[in-house]
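*Asks:* Pasting a structure below so you can have a look.
The values are calculated or read from the model by the stated rules, or taken from the named source; none is laboratory data. Treat the numbers as computed from the prediction; the structure is a model and nothing was measured. So basically every Cβ, Gly included, is an ideal-geometry build from the backbone, and we count neighbours across all protein chains shown.
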Amino acid sequence: MAAEKKVFAGPRVRRLRRERNLTQARMAADLGISASYLNLIERNQRPMSAQILLKLAETYDIELKSLGGDDEARALTALREVFGDPLFRDSGLTAQDIQEVASASPTSAEAITALYRAYQEAVVNTSLLAERLADRDLLDGGQTLSAPLEEVRDFINSRNNHFPELDETAEELYRSAQLGADEPYVSLRNYLRSAHGVTTRVVPADLMSGELRRYDRHRQTIFLSELLDQPGRSFQLAYQLGYFEQSRALEDIVEGSGLEGDEALTLCRVALANYFAAALLMPYAAFLRTAEETRYDLRLLGRRFGTSFEQVCHRITTLQRPGARGIPFFLIRVDNAGNVSKRFSAAGFHFARFGGTCPRWNVHDAFRVPGNIYTQVIQMEDSTRYFSIARTVSRGGSGIGVPGDQYAVGLGCEISHARKIIYSQGFDLDDARGATPIGVNCRLCERLDCSQRAFPPLKQRLRIEDHVRGVSPFGVLQS
C-alpha cells in the first residue's frame with residue numbers, strides 16, 4: 001500500500017485566513033487546534049491531517065481541491081518560464097524567491113505572466129513589422145490572433161474546462177428532444193428539421209471552398225462537407241443547434257468572462273458552442289457513468305456515443321461537476337512539428353506557455369504507428385507522477401494531393417487515479433522507478449543527464465569544451 005500523500009498547504013491556509021480577516025488565534029479556535037500549531041502549518045513545518053482538512057472545508061465552505069496546490073503549481077511553472085528568460089539572467093532571483101511568489105499569491109504570478117506575455121507579443125509583432133517594412137508588398141496592417149487565443153485558453157482553464165450551465169441545458173435538451181432514440185447524426189438532423197425548419201445537406205468538398213460547415217440563413221440549410229466523417233457531421237449539427245437554442249446562455253458566459261476585443265469574444269463564443277456540442281452528444285451523467293463502468297475505455301466510449309476519439313478525450317477533461325466528478329484529466333494536442341494547438345489541465349499538469357513539450361514524453365511517439373494507443377508513466381522534476389495515454393487523430397483529406405491533417409492527442413492524470421483506467425493494466429503504479437523522467441520543456445528542465453535536449457537550461461550558464469562530450473549535448477557550469 002502506497003503511503004498517504006502529505007499535504008503541506010501553509011501559504012494557502014495563510015492566504016485564506018487573511019482573505020477572511022481572521023487572526024491565527026481565531027482560525028485555530030475554529031479548527032480546534034492551538035494557535036502555535038496553526039503557525040507551524042502556515043510555515044509548512046507541519047502537514048495538514050485529513051481531519052484538519054475536512055474541518056477547514058466545512059468551517060469556511062471551500063472545496064478540498066482548492067488546497068491541493070494546482071493553482072500554485074501552474075503559477076510556479078509559469079514564473080519559472082518567465083524568469084528563465086535571458087532578460088532576467090542577472091536579476092539575482094533564486095528558485096526559492098520564485099517559489100515564494102507563486103505560493104504567496106498565484107494571482108500576482110498570473111499578472112506577472114500576463115505582463116511577460118504582452119512583452120513577448122510586442123517582440124514578435126515588432127519583428128513581423130520589421131519584416132513587412134523590409135518588403136512593403138507584405139505590409140497589410142494585419143494583427144496576430146495569438147494573444148486573444150491565449151486569453152481564451154486562460155479563461156477556459158480558470159474554469160477548469162467545466163461549464164455546468166451548458167452541461168445542464170445539454171442534458172435537458174437530450175432528454176426532451178429524445179436525441180438518444182437513434183444514431184446521433186440522424187436524431188440531430190431530424191430534430192433540426194422538425195424544431196427549427198432547418199434542413200441538412202452533405203455536399204462535395206469542391207463546392208464548400210475549403211469549409212466544413214456553412215449555415216445559410218436564407219435557405220434554412222446547413223451544408224456539411226463530404227470530408228466530415230459521421231462523428232464530425234454529428235458534432236457540426238450539435239454545434240449549430242447550440243447557437244439556435246443556447247445563444248443567450250453562451251452570451252451570458254462570454255459577457256462574464258472579462259475578455260475584451262472582438263477576436264477574443266468570438267473565439268470564446270466558438271469554444272463554448274463546441275463545449276455545448278460535446279455535452280449534447282455525450283450527456284454528463286450518462287457519459288460519466290459509462291466512463292466509470294468501462295474504466296475509461298476511450299474507443300468503447302466513442303462507439304457507445306457515436307463520437308470520435310478526440311471528442312471523447314475532450315469530453316473526459318470536462319467531468320468536474322461537484323458531487324459527480326470524473327478523473328481530473330489533462331489534455332494536449334500537438335502536430336508532428338511539435339506545435340501545441342490545444343491544452344487543458346484539470347489535473348494541474350505543468351504545461352509550458354511559451355514553448356513545446358518534452359521529447360521524452362510519448363505523445364510524440366504516437367506518430368510512429370498512427371492509431372495505436374501508447375501508455376506511459378511520467379515523472380516531473382517535482383517528483384509528481386502521471387499516467388499518460390497518447391494516440392494520433394486525423395482529419396481525412398479529399399484524395400490525392402490533399403492529405404489529411406494528423407495530430408497526436410495526449411491525455412493523462414495523476415498516478416493516484418491510474419488504477420481506474422483500463423490502460424494501466426500491467427503497470428506497477430507503486431514503483432516510481434518505472435516512471436520516465438520528463439520536464440516541462442528543454443529550456444525549463446534542469447535535468448542535466450538528458451541526451452535529447454534541444455536547448456540548454458535557461459537558468460544555467462553553458463560550459464563549452466573542445467574535447468569533452470557528455471550525455472547531454474549541452475554542458476553547464478555547476479554552481
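*Asks:* Out of all the residues in segment 218-228, is one or more farther than 23 Å from E310 by Cβ and either charged (D, E, K, R) or under 29 Å from the mean Cα position of the chain (by Cα) (or both)?
*Replies:* Looking through segment 218-228, at least one residue is farther than 23 Å from E310 by Cβ and either charged (D, E, K, R) or under 29 Å from the mean Cα position of the chain (by Cα) (or both).
*Asks:* Next question. Residue under question is E100, and the condition is that it be of a type in the set (D, E), assigned to a helix (DSSP H, G or I), at pLDDT 70 or above and in the same structural domain as D30 (by TED's automatic domain parsing); does it hold?
*Replies:* It is false that E100 is of a type in the set (D, E), assigned to a helix (DSSP H, G or I), at pLDDT 70 or above and in the same structural domain as D30 (by TED's automatic domain parsing).
*Asks:* Given the residues R248, R213, R219, R295, which is the only one that is within 25 Å of F330 (Cβ to Cβ) and among the basic types (K, R)?
*Replies:* Of the residues listed, the single one that is within 25 Å of F330 (Cβ to Cβ) and among the basic types (K, R) is R295.
*Asks:* Within segment 405-426, identify whether any single residue is at pLDDT below 90 and either in the same structural domain as L298 (by TED's automatic domain parsing) or more than 18 Å from P359 (Cβ to Cβ) (or both), and answer yes or no.
*Replies:* There is at least one residue in segment 405-426 that is at pLDDT below 90 and either in the same structural domain as L298 (by TED's automatic domain parsing) or more than 18 Å from P359 (Cβ to Cβ) (or both).
*Asks:* Is one or more of the residues making up segment 273-285 more than 25 Å from V152 (Cα to Cα) and modelled with pLDDT of 95 or more?
*Replies:* yes
*Asks:* A further question on this structure: Which ones in segment 350-383 are closer than 21 Å to F83 by Cβ and over 15 Å from the mean Cα position of the chain (by Cα)?
*Replies:* C358, M380, E381, D382
*Asks:* Among the candidates F244, F235, F276, single out the residue that is within 23 Å of P148 (Cβ to Cβ) and out of contact with any strand residue (DSSP E or B) (no Cβ under 7 Å at 6 or more places or on another chain).
*Replies:* Of the residues listed, the single one that is within 23 Å of P148 (Cβ to Cβ) and out of contact with any strand residue (DSSP E or B) (no Cβ under 7 Å at 6 or more places or on another chain) is F276.
*Asks:* Continuing with this model, one more query. Check every one of the helices (runs of 4 or more DSSP H) wholly within segment 253-325 and list those with 1 or more residues that are over 27 Å from A408 (Cβ atoms) and free of Cβ contacts under 8 Å to residues at least 60 places away in the same chain.
*Replies:* 262-281, 284-293
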